[in-house]
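First comes the structure, then the notes that go with it.
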């Protein structure tokens, strides 16, 4: 397993299971858009999501700036191609990709208009951009700067729509990933915030009950809906580059 950075997650780490399943639920929701000839994932991390896309796409390329992550992903997931690259200067020719996916990445980049422009540049006309990112209204409520020190900027739904429209994307859909009924019960059980209980102490100091509840989280415990994106945990975006 790759060393944990505090921001990157992956399968098989018991105390990361909540975050892994939360990301996994987003991948599963976006999977129907990935049945294309050529897909590019920007910021592939550990590689599990890229491999999931490769189960339905023809050719899949995963890009990441972290050389260790690229080596790990290439050794663990033989289907996609994994390449180390600067995400601010994508090493891909214009209009070469059917779908660009970038999950939990845009909040890390400094020049996000330039990042979105790069995504649009490599998409063919009619190609689709898939993005996910934490919702600032629930991730850093009441703050002007992100709570997470790894994040440079966190978005709300209206801001994402405006950014993508300004960079030439059309038919921008914003969905919200929410806690389902079981996770809401766990919020109540753990003092009002299940995630807050996890972040309050290192895993070795968790109660046995909290640890058991974390390990028991499944992707199905999250719900994706177009309703009330401002109340969502994460925002999921599907946008199309105009054209045939």
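The values are calculated or read from the model by the stated rules, or taken from the named source; none is laboratory data. The structure presented is a predicted model; accordingly, all values stated were derived computationally and were not measured. All Cβ positions, even for glycine, are placed from backbone atoms using ideal geometry, and neighbour counts span all protein chains on display.
Details
- When residue 191 is tested against (1) surrounded by fewer than 17 Cβ atoms within 10 Å (Cβ to Cβ); (2) under 20 Å from residue 31 (Cα atoms); (3) in contact with a helix residue (DSSP H, G or I) (Cβ under 8 Å, 6 or more places away or on another chain), only condition (2) is not met.
- Considering only residues in region 22-39 that are out of contact with any strand residue (DSSP E or B) (no Cβ under 8 Å at 6 or more places or on another chain) and in contact (Cβ under 8 Å) with a residue 40 or more places away in the chain, the one that is surrounded by the fewest Cβ atoms within 10 Å (Cβ to Cβ) turns out to be 28.
- Residue within region 170-183 that is on the phi > 0 side of the Ramachandran plot and touching a helix residue (DSSP H, G or I) at 6+ places or on another chain (Cβ under 6 Å) present: no
- Check on residue 129, touching a residue at least 40 places away in the same chain (Cβ under 8 Å) and farther than 15 Å from residue 30 by Cβ: no
- Only one entry in 10, 6 is under 16 Å from the mean Cα position of the chain (by Cα), farther than 16 Å from residue 199 by Cα and at pLDDT below 95, namely 10.
- Pick from region 152-190, criterion within 27 Å of residue 220 (Cα to Cα), assigned to a loop (DSSP other than H, G, I, E, B) and modelled with pLDDT under 95, ranking: farthest from the chain's Cα centre (by Cα): 156
- Applying a threshold of 7 Å to beta carbon distances and a minimum spacing of six or more residues, or different chains, the list of pairs starting in region 141-165 at a residue that is within 15 Å of residue 113 (Cα to Cα) and ending at one that is in a loop (DSSP other than H, G, I, E, B) and modelled with pLDDT of 80 or more reads 152/109; 152/110.
- Entry remark, region 52-63: residues being in contact with a helix residue (DSSP H, G or I) (Cβ under 8 Å, 6 or more places away or on another chain), assigned to a helix (DSSP H, G or I) and without any contact (Cβ under 8 Å) to a residue 40 or more places away in the chain number 1 in total.
- Counting only residues that are surrounded by fewer than 17 Cβ atoms within 10 Å (Cβ to Cβ), touching a residue at least 40 places away in the same chain (Cβ under 8 Å) and more than 24 Å from residue 22 (Cα to Cα), region 64-108 holds 1 of them.
- Residue within region 199-218 that is under 24 Å from residue 32 (Cβ atoms) and either in contact with a helix residue (DSSP H, G or I) (Cβ under 9 Å, 6 or more places away or on another chain) or assigned to a loop (DSSP other than H, G, I, E, B) (or both) present: yes
- Index of the failed condition, residue 16 passing every other in (1) within 21 Å of residue 195 (Cα to Cα); (2) free of Cβ contacts under 8 Å to residues at least 24 places away in the same chain; (3) surrounded by fewer than 18 Cβ atoms within 10 Å (Cβ to Cβ): (3)
- Number of positions in region 121-141 that are touching a strand residue (DSSP E or B) at 6+ places or on another chain (Cβ under 7 Å), assigned to a helix (DSSP H, G or I) and more than 20 Å from residue 227 (Cβ to Cβ): 1
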